[in-house]
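Chemist: Below is one structure. I have some questions about it.
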Amino acid sequence: MNLYYLAAVAATEAPENEFGFVKAMEEGGPVAWSILAVMVIMSVGSFYILFTKYFEQAKVLRQYKSVPGTFWRAATLKEGAAKLEKNSAWRQIADDAITAQEKHGKMTDSLEAHDYMHGSLQRSEDSINYALSGGLSFLASVGATAPFIGLLGTVIGIYRALINIGIEGSASIDKVAGPVGEALIMTAIGLLVAVPAVLAFNFLQARNRRIGELLGSFSTDILAYISSDGAVKPAVTAAPAAKAAPAKPATTTGGVGVNK
């Protein structure tokens with residue numbers, strides 16, 4: 001009974017922790033809470049862009065799988081475009097190419113007509129790449145500015161610690177720990193927000209470059225197809241042949257193999 005009584009007394013007499021996260025934010029006041037709110041908005045926005053752009057890129061890459069098997073097997077561009085998924089990047093390039101081809105035939109200068117065709121496809125590519133890169137500037141901005149916003153909280157916290165030292169006349173730990181803790185927390189939060197944003201930006205940028213290469217190759221093939229009146233187009237791989245059935249194993253009779 002004495003042990004339980006001593007433990008209960010020690011628990012009630014234990015000093016309250018005055019240097020937690022909430023306490024540090026209360027020490028910082030409206031400035032600290034404002035900086036934290038900005039950090040939360042940056043973090044939520046970064047993850048939102050990461051997931052939305054990832055699924056958008058995955059959709060474009062998935063739609064590309066139907067290009068070799070359906071589009072280039074068609075007899076004409078219109079038939080091939082009709083087989084592509086509507087409202088897709090590849091359908092947009094095909095439709096823009098068909099429109100440019102119709103206007104191409106009305107131009108008398110062959111050189112200017114070729115330049116017009118090439119420019120039309122390039123504009124179509126650029127519009128798609130621009131849509132895919134939407135939001136990446138926000139990730140870049142978060143990755144570049146979040147550490148400095150956290151550093152602002154750090155500077156304010158250290159400044160408040162120095163003010164407390166000056167008022168008290170001594171650098172006691174109970175007067176300095178709160179503001180310094182706030183300063184360290186703001187620095188850590190700034191890094192936790194910036195690092196995922198930078199990684200997400202590089203990841204999405206690399207996938208956009210891959211999609212840009214596929215778009216450029218597709219538009220180049222269409223341009224070659226139109227310029228050659230259908231004589232030049234990518235080789236379409238045939239479906240893989242069925243594997244032959246394996247031969248039955250031979251049985252042995254007296255050391256001589258006999259096929260059944």
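Since every read-out is calculated from the coordinates, none of them should be taken as a lab result. Remember, predicted model here, so these are calculated numbers, not experimental data. As a convention, Cβ positions derive from the backbone with ideal geometry for all residues, glycine included, and neighbour counts pool all protein chains shown.
Chemist: Using +1 on the beta carbon of Lys and Arg, -1 on that of Asp and Glu, and nothing else charged, what's the dipole of the stretch 36-231 about the Cα centre, debye to 20? If you can, show how the numbers build up before the last one.
Modeler: Details: 17 positive and 17 negative charges, 110 e Å.
Roughly 520 debye for the stretch 36-231.
Chemist: Work out the FRET efficiency for residue 202 and residue 75 from their Cβ-Cβ distance, taking R0 = 30 Å, and round it to the nearest 0.05. Could you put the intermediate results ahead of the total?
Modeler: Details: r = 43 Å, r/R0 = 1.42.
Plugging the Cβ-Cβ distance into 1/(1 + (r/R0)^6) gives 0.10.
Chemist: What ranking do 83, 106, 78 get, fewest neighbouring Cβ atoms within 10 angstrom at the top? Kindly include the intermediate steps, with their values, before the conclusion.
Modeler: Values: 83 15, 106 7, 78 12.
Least to most surrounded, the residues fall as 106, 78, 83.
Chemist: Still on this structure, I have one more. May I ask you to give the average projected area over all directions of the convex hull of the Cα atoms of the stretch 36-231, in nm² rounded to one decimal?
Modeler: Numbers: hull surface 57.2 nm².
Average of the hull's projected areas for the stretch 36-231 equals 14.3 nm².
Chemist: A further question on this structure: Using the Kirkwood radius built from alpha carbon pairs, what does the Stokes-Einstein equation give as D for the stretch 98-145 at 10 °C and 1.306 mPa s, in µm² per second?
Modeler: 123 µm²/s
Chemist: Once label points are set 7 Å from the Cα along Cα→Cβ at both residue 214 and residue 159, what is their separation, rounded to one decimal in nm?
Modeler: It works out to 5.1 nm between the two label points.
Chemist: For the pair residue 61 and residue 33, what calculated FRET efficiency results from E = 1/(1 + (r/R0)^6), where r is the Cβ-Cβ distance and R0 = 45 Å, to the nearest 0.05?
Modeler: 0.60
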